[in-house]
Structure formats: structure tokens, C-alpha cells
1. Please find, among Ser58, Ser10, Ser43, the residue that is surrounded by 11 or more Cβ atoms within 10 Å (Cβ to Cβ) and touching a Lys or Arg at 6+ places or on another chain (Cβ under 8 Å).
2. I need a count of the residues in region 1-57 that are among the β-branched types (Val, Ile, Thr) and either within 15 Å of Thr73 (Cα to Cα) or touching an Asp or Glu at 6+ places or on another chain (Cβ under 7 Å) (or both).
3. Would you point out the residue of region 46-55, among those that are out of contact with any Gly (no Cβ under 6 Å at 6 or more places or on another chain) and not small (Gly, Ala, Ser), that is surrounded by the most Cβ atoms within 10 Å (Cβ to Cβ)?
4. Tell me which residues, restricted to region 64-84, are under 14 Å from Val16 (Cα atoms) and either modelled with pLDDT of 90 or more or surrounded by 12 or more Cβ atoms within 10 Å (Cβ to Cβ) (or both).
5. Name the residues in region 49-74 that are within 15 Å of Met3 (Cα to Cα) and among the polar types (S, T, N, Q), would you?
6. Pairs only if they're at least six apart or on different chains, beta carbon under 8 angstrom, first in region 67-84 and closer than 18 Å to Arg25 by Cβ, second among the aromatic types (Phe, Trp, Tyr) and modelled with pLDDT of 85 or more; list them, first residue then second.
7. Please verify whether region 40-50 includes one or more residues that are of a type outside the set (Lys, Arg) and more than 14 Å from the chain's Cα centre (by Cα).
Amino acid sequence: MIMILLSKLSGVVIFVYCVCRLSSRVHAYQNLSFWAHICLIPSAVAIVIAQTPPAMESVIFRCGVALYFASQTWRIWRLQQKMK
């Protein structure tokens, strides 16, 4: 049960991060970051709606990606606070 909750929470964090990054600025189609975030959105949705229990490796990887995105969001937010 905890593995499913961690997996779904990671999917939500990844989804929110990608949507926020894509909506915060104008991207060029040549930008690899744009395409990476575009590919991660449906993957995050699939993680959230999945009904089967994920493997331990998948949960660890998803949590790692979600923590990385959360740390990037925190870093950006702190930089914005210093600039005010």
C-alpha cells in the first residue's frame, strides 16, 4: 500500500513540475528540455492512474525523480526570493 502511495505521489509531483515548467516560459521546438517535459507529462499521468502495484525499482526511481524536481523547484523559489 505504501509503495502505491509513494508511486502516485511521485507521479503527481512530476506532473505538476512539468506543467509548471512548460507554462512558465516560451519554449522553442528545438529545445530538448521542452521535449523532455512533454514526454514526462503522459508518463506521470500513467503513473498516477496505474492500478497494479509497481516494482520496488520503479518506486525508488520515481521518488528520486520527484525529489530532484522538488529540489529544483525549491532552488528556483529561493533565488526568486533573494531577487525581491
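The values are calculated or read from the model by the stated rules, or taken from the named source; none is laboratory data. Because the structure is a prediction, the values reported are computed rather than measured. Cβ sites come from the backbone with ideal geometry, for glycine too, and all protein chains shown count toward neighbours.
1. Ser10
2. Residues of region 1-57 among the β-branched types (Val, Ile, Thr): 2, 4, 12-14, 16, 19, 26, 38, 41, 45, 47-49, 52.
Of the ones still in play, those that are also either within 15 Å of Thr73 (Cα to Cα) or touching an Asp or Glu at 6+ places or on another chain (Cβ under 7 Å) (or both) are 12-14, 16, 19.
Residues flagged as among the β-branched types (Val, Ile, Thr) and either within 15 Å of Thr73 (Cα to Cα) or touching an Asp or Glu at 6+ places or on another chain (Cβ under 7 Å) (or both) within region 1-57 amount to 5.
3. The initial filter retains those residues of region 46-55 that are out of contact with any Gly (no Cβ under 6 Å at 6 or more places or on another chain), namely 46, 49-55.
Going one step further and asking which of them are not small (Gly, Ala, Ser), we end up with 49, 51-54.
Values: Ile49: 9, Gln51: 5, Thr52: 6, Pro53: 12, Pro54: 19.
In this case the residue turns out to be Pro54.
4. Let us first name the residues in region 64-84 that are under 14 Å from Val16 (Cα atoms), namely 65-74.
Listed by number, the residues that qualify are Val65, Ala66, Leu67, Tyr68, Phe69, Ala70, Ser71, Gln72, Thr73.
5. Gln51, Thr52, Ser58
6. Phe69/Tyr17; Gln72/Tyr17; Thr73/Tyr17
7. Yes, region 40-50 contains at least one residue that is of a type outside the set (Lys, Arg) and more than 14 Å from the chain's Cα centre (by Cα).
Yes or no, residue by residue, for (1) touching a Leu at 6+ places or on another chain (Cβ under 9 Å); (2) under 11 Å from Ile14 (Cβ atoms):
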| residue | (1), (2) |
| --- | --- |
| Ile41 | yes, yes |
| Ala50 | no, no |
| Ser58 | no, no |
| Leu67 | no, yes |
| Ser71 | no, no |
| Gln81 | no, no |
